[in-house]
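The values are calculated or read from the model by the stated rules, or taken from the named source; none is laboratory data. What you are looking at is a predicted structure, and each value in this text was computed from that prediction instead of being measured. Cβ atoms come from the backbone with ideal geometry, glycine included; neighbour counts cover every protein chain shown.
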């Protein structure tokens, strides 16, 4: 429990965290850490800082947690990286940078990406406390002051990634049929209106197909609704296999 032991352990490069066995919450935290160690590789993090040493330090911390890391040394390049890498889920940006500072970059990112799509964490070594408020007012989700403790860094990163993941689960539940896992009526109408408008704008031909399962009522009447549900699941499986998408 002492700070000397804690720091000695954290200084070892393979170590990803230090969890004292104080209470049951420690085991719940451990479960979260292990879960994200297995899934973080799906999430890319963009590190934006004009200092190569700072970029390397933050990148090394993220790679310990198995994140895919993308780097940029200023805000202009960062915006280009966001276009190139569609799997970026978080941006960690310094405040003071040439060409475009972190506040301006945050503002530009929020013009294209909502909080549900992308998390932004601002960082700064400046002593003024106003920068955290400026970052958040311009669209950032969190703020860290340099030099920061690696444990605090990991806690902030994990909380923001978990928030994005929870939002994605809620959106999936709201837009997906629970039985077939296909888009529900709400999602269909939204996507159809968007896609048809895009097709008309681009003058692209399109069609709409409607499928009907022959004698489906007889299946339910003769074999029960569980059998009918199984047929719908298999039908949905083949639709995804041959048509793709939702």
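Below are the figures for this structure:
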item	result
Residue list for segment 50-67, filter: outside any helix (DSSP H, G or I) and crowded, with 19+ Cβ neighbours inside 10 Å	65, 67
Count of segment 111-128 residues which are closer than 26 Å to residue 171 by Cβ and assigned to a loop (DSSP other than H, G, I, E, B)	8
Subset tally (residues that are surrounded by fewer than 17 Cβ atoms within 10 Å (Cβ to Cβ) and within 19 Å of residue 50 (Cβ to Cβ)) for segment 80-90	1
Matching option when the condition is over 19 Å from the mean Cα position of the chain (by Cα) and not in a helix (DSSP H, G or I), among 100, 90	100
Some residue of segment 111-119 being assigned by TED's automatic domain parsing to the domain that holds residue 46 and more than 23 Å from residue 43 (Cβ to Cβ)	no
Elements of type helices (runs of 4 or more DSSP H) in segment 129-246, at least 1 residues being within 23 Å of the chain's Cα centre (by Cα)	130-137, 150-175, 185-202
Matching option when the condition is part of a helix (DSSP H, G or I) and either in contact (Cβ under 8 Å) with a residue 24 or more places away in the chain or not assigned by TED's automatic domain parsing to the domain that holds residue 157 (or both), among 108, 80	108
Failed condition for residue 153, given (1) over 22 Å from residue 15 (Cα atoms); (2) in contact with a strand residue (DSSP E or B) (Cβ under 7 Å, 6 or more places away or on another chain)	(1)
